[in-house]
């Protein structure tokens with residue numbers, strides 16, 4: 001059985017882009033961690049986990065020659081427990097980011113800089129939002145697996161949940177709820193930024209570190225734009241997957257029975273491992289790993305090319321002995337910019353109105 005050329009191209013691209021996107025997220029991860037944007041850090045970590053699974057699964061089960069496939073013992077036993085909680089944590093991280101940004105940008109045009117105690121409080125709140133539901137899913141997986149696992153071409157290990165109401169409630173619904181819950185915050189932020197852009201002056205509170213305030217403002221705006229870009233594509237896809245999964249689950253309309261599920265719930269023994277070639281894998285399932293891959297490049301686009309990020313890239317390149325190549329590339333870019341200007345094309349390196357700190361008044365939050 002020969003490997004289809006389109007399947008091979010899909011495999012090569014997803015492995016290459018998943019690895020590249022995850023690697024490039026290293027600098028944004030460090031920058032966001034330094035700025036104490038823990039929800040954004042969680043988002044990048046979930047992206048890294050999902051992309052790592054994509055690289056592993058696409059490399060281990062690359063084609064439809066299932067007679068030569070590895071049975072996945074150990075690896076798949078871990079993946080079926082981690083996959084669904086990670087996807088939920090992805091959606092919960094976006095929700096937590098939008099929620100925090102909404103609390104940072106006030107209607108009175110004040111952006112707050114959290115004190116240490118407030119930062120710790122926010123960290124606890126965000127961890128609760130992001131980890132509570134995934135942790136419960138992780139624990140409940142053992143009680144809802146109708147089959148040990150199945151293995152499909154490219155997608156690798158997949159969980160088979162019992163088609164009863166716990167699956168709909170515990171696994172199908174939470175990602176959609178988090179995705180939809182992010183939309184009101186996105187709308188509120190959009191309205192507030194429209195108000196902010198009408199301001200004309202810069203007002204700083206006395207005694208406040210203006211550089212720190214500007215950094216917070218820039219990070220806030222980039223986070224908002226990044227999440228908005230993700231939500232535009234992610235919410236429709238998440239609703240599609242959730243509705244599809246709910247329909248498949250509720251079509252069975254059977255009560256939950258753990259004993260029946262483990263002993264009589266399938267024509268195959270519960271411990272049997274089923275191999276599924278690509279023509280039997282649903283198209284939506286086959287292409288779902290592209291969501292975190294695309295998200296990784298969205299993160300890099302917003303946080304991988306800032307001034308701080310470029311300094312960090314130069315430092316990393318210097319440590320790896322690649323600094324001469326980076327300097328050469330920089331000289332070529334500078335030459336290209338001069339060529340553009342020579343032909344009358346004006347390139348304004350300043351950021352847009354939303355990137356400027358002038359519409360916002362900054363005040364440092366104080367402990368009560």
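Observations
- Verdict on residue 77 being in a loop (DSSP other than H, G, I, E, B) and in contact (Cβ under 8 Å) with a residue 24 or more places away in the chain: no
- Residue count for segment 244-273, restricted to those that are over 24 Å from residue 169 (Cα atoms), surrounded by fewer than 15 Cβ atoms within 10 Å (Cβ to Cβ) and touching a residue at least 24 places away in the same chain (Cβ under 8 Å): 3.
- The lone criterion from (1) modelled with pLDDT of 90 or more; (2) in a helix (DSSP H, G or I) left unmet by residue 248 is number (1).
- Candidate set from segment 15-28 (those that are in a helix (DSSP H, G or I) and surrounded by 21 or more Cβ atoms within 10 Å (Cβ to Cβ)); member that is farthest from the chain's Cα centre (by Cα): 27
- Residue in segment 146-165 that is surrounded by fewer than 19 Cβ atoms within 10 Å (Cβ to Cβ) and out of contact with any helix residue (DSSP H, G or I) (no Cβ under 9 Å at 6 or more places or on another chain) present: no
Residue-by-condition table, conditions (1) modelled with pLDDT under 95; (2) farther than 16 Å from residue 155 by Cα; (3) touching a helix residue (DSSP H, G or I) at 6+ places or on another chain (Cβ under 9 Å):
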site: 8; (1), (2), (3): yes, no, no
site: 28; (1), (2), (3): yes, yes, yes
site: 31; (1), (2), (3): yes, yes, yes
site: 34; (1), (2), (3): yes, yes, yes
site: 49; (1), (2), (3): no, no, yes
site: 55; (1), (2), (3): no, no, yes
site: 62; (1), (2), (3): yes, no, yes
site: 77; (1), (2), (3): no, no, no
site: 80; (1), (2), (3): no, no, yes
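- Within segment 172-196, residues that are over 18 Å from residue 234 (Cβ atoms) have Cβ atoms under 6 Å from residues that are crowded, with 20+ Cβ neighbours inside 10 Å in these pairs: 192/105; 196/359, counting only partners at least 6 apart in sequence or on another chain.
- Counting only residues that are surrounded by 13 or more Cβ atoms within 10 Å (Cβ to Cβ) and more than 28 Å from residue 71 (Cα to Cα), segment 230-243 holds 9 of them.
The values are calculated or read from the model by the stated rules, or taken from the named source; none is laboratory data. Predicted model only: the values in this text are computed from it and were never measured. Please note: Cβ atoms are built from the backbone with ideal geometry, for glycine as well, and neighbour counts cover all protein chains shown.
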